[in-house]
Amino acid sequence: MRNKNKELCVHNIQKTKLDDIDVSAEYDIQGTLAEGSFARILLVKHRRTNTKVVLKAIHMELTAESDFHREYHYSYYLSPHPNILSIYPVAFTTENCFVFAQEYALLGDLSGSVKAGGLPETYCKKIAQQLASAVGFLHSLKLVHRDLKLENILVFAADMSLVKLCDFGATVREGTLVTKHRCTWQPFLPPEICELVTNEKYECKLTSDCWQIGIIIFVCLTGCPPWQSADISDVAYCNFMRWQKRKTTKVPLQFRSFTSRFLRMIKRLLERKPEKRASVNEINKYLKDIWMDRKTSARASSCGADAGASSSAVGASRRESINMYLNQMDGKTHLADESKNRLKKLLSAHGLETTIDQKTITKRVWEWLLQCDHQSTTKFENI
Ligand SMILES: Nc1ncnc2c1ncn2[C@@H]1O[C@H](COP(=O)(O)OP(=O)(O)OP(=O)(O)O)[C@@H](O)[C@H]1O
């Protein structure tokens, strides 16, 4: 009964009264931390309390007021969880933006920490455990995050002992009719979403988050996604599906560096049928196991191509996958540029020019991965 009330309460979206304020009068703007698709993330110091906070300034022309209220409501409601970004009870409007205040993650997001070849296994397990806890909390309230990716996991400790989930801009109640979220990376999308046509509506389910956590764990361990797109036109994905459906005993190349326990977990999270997919809580069952197989990981680079006949196809598809990231980045440029210009105007009205661009940082990371993929492909083709 208590849980039911909690659940009802979280879905009762509060419309906070939004006062129009002059940002530069209240805050000392120190710089732009990042630029998302709809928002600019500003590092500021609150003049009166001398506290450093982050302001998420969402451009009004790109976001309906009701969407802002939903994002702020869910972000604030969820933020007491230790692995969810803390949000302050501060929301207001400026001339062009809806704004709310958050705590500052000094180490940025996970896409800046995951290097070619991946993170140490111990770090990945800490991330998996904290992410499972945060997303498990959302799921207990029947909320679907819908946009789980490295960029939405903020790092508070270099050894990954504290990470927090952020960006509840796409979060909705389970069962809500939605269309594909425009700014998610294709390799992170589950098959049931990949197969939708543009603007097709679907009922969102908790299980799509479980798939995305599976992909995040894979990317953290290896440094790159397992395929470009979870659909039948993708060779790497097809190989995985054939193996999962036991049509072949040959473990797909990009999964050869893992132990059987890890493979069991990842197969459960990356189950094609959403109704059969593991819940996030299942991840906890595998945290004490060894994930990387020391012997095979020395032989098969998870970032590389197959040493057999299908090597070029898989290698090409994986290169394409990383290229696709870069292209999607470019695709986002137009949208980001529009909002960037408007936000720039707003900021320069307060005498501030900004130059940091998160898109460029992420693009650099993926260019590096592309280089890594190319090197290991060459290595395996020479075997
Ligand atoms: N509190 C914070 N501290 C430090 N960096 C942050 C913080 N909040 C956000 N960021 C940075 O800003 C980026 C974009 O933030 P956020 O995801 O909230 O914006 P968005 O416009 O919703 O992004 P998207 O492109 O995913 O729609 C994050 O990936 C992260 O790098």
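Taking (1) more than 9 Å from the ligand (Cβ to nearest atom); (2) modelled with pLDDT under 95; (3) open to solvent by 20 Å² or more (accessible area, probe 1.4 Å) in turn, residue 38 satisfies each apart from (1). Taking the condition of being farther than 13 Å from residue 72 by Cα and out of contact with any strand residue (DSSP E or B) (no Cβ under 6 Å at 6 or more places or on another chain), how many residues in the range 5-31 meet it? Qualifying residue count for the region: 10.
Condition (residue is of a type in the set (Val, Ile, Thr), away from the ligand (no atom under 11 Å from the Cβ) and under 29 Å from residue 294 (Cα atoms)) applied to the range 119-126: is it met by at least one residue? Yes, that holds for at least one residue.
Here the condition is being within 16 Å of the chain's Cα centre (by Cα) and open to solvent by 30 Å² or more (accessible area, probe 1.4 Å); of 115, 126, 149, it holds for 115 alone.
Hey, could you check the range 73-104 for residues that are among the hydrophobic types (A, V, I, L, M, F, W, C) and over 17 Å from residue 145 (Cβ atoms) and say which is most open to solvent (accessible area, probe 1.4 Å)? Among residues in the range 73-104 that are among the hydrophobic types (A, V, I, L, M, F, W, C) and over 17 Å from residue 145 (Cβ atoms), the one most open to solvent (accessible area, probe 1.4 Å) is 90.
Pairing each residue of the range 165-182 that is in contact (Cβ under 8 Å) with a residue 12 or more places away in the chain and not assigned by the TED database to the domain that holds residue 80 with any residue that is part of a loop (DSSP other than H, G, I, E, B) and among the hydroxyl-bearing types (Ser, Thr, Tyr), provided the two are 6+ apart or on different chains, yields no C-beta distance under 6 Å.
Can you pull out every residue in the range 70-118 that is within 29 Å of residue 289 (Cβ to Cβ) and assigned to a loop (DSSP other than H, G, I, E, B)? Of everything in the range 70-118, those that are within 29 Å of residue 289 (Cβ to Cβ) and assigned to a loop (DSSP other than H, G, I, E, B) turn out to be 81, 82, 83, 107, 113, 114, 115, 116, 117, 118. Close contacts from the range 12-34, counting a first residue that is open to solvent by less than 80 Å² (accessible area, probe 1.4 Å) and a second that is part of a loop (DSSP other than H, G, I, E, B) and at pLDDT 90 or above, with Cβ to Cβ under 7 Å and a gap of 6+ residues or different chains, come to 21/94; 23/94; 26/47; 27/47; 28/47. Just to be sure before I move on: is residue 51 among the β-branched types (Val, Ile, Thr) and more than 23 Å from the chain's Cα centre (by Cα) in the structure I sent? So residue 51 fits the description; yes.
The values are calculated or read from the model by the stated rules, or taken from the named source; none is laboratory data. Predicted model only: the values in this text are computed from it and were never measured. All Cβ positions, glycine included, derive from the backbone under ideal geometry; neighbour counts span all protein chains shown. For accessibility, only protein heavy atoms count, side chains too; no ligands or nucleic acids. Shrake-Rupley method; radii C 1.70, N 1.55, O 1.52, S 1.80 Å.
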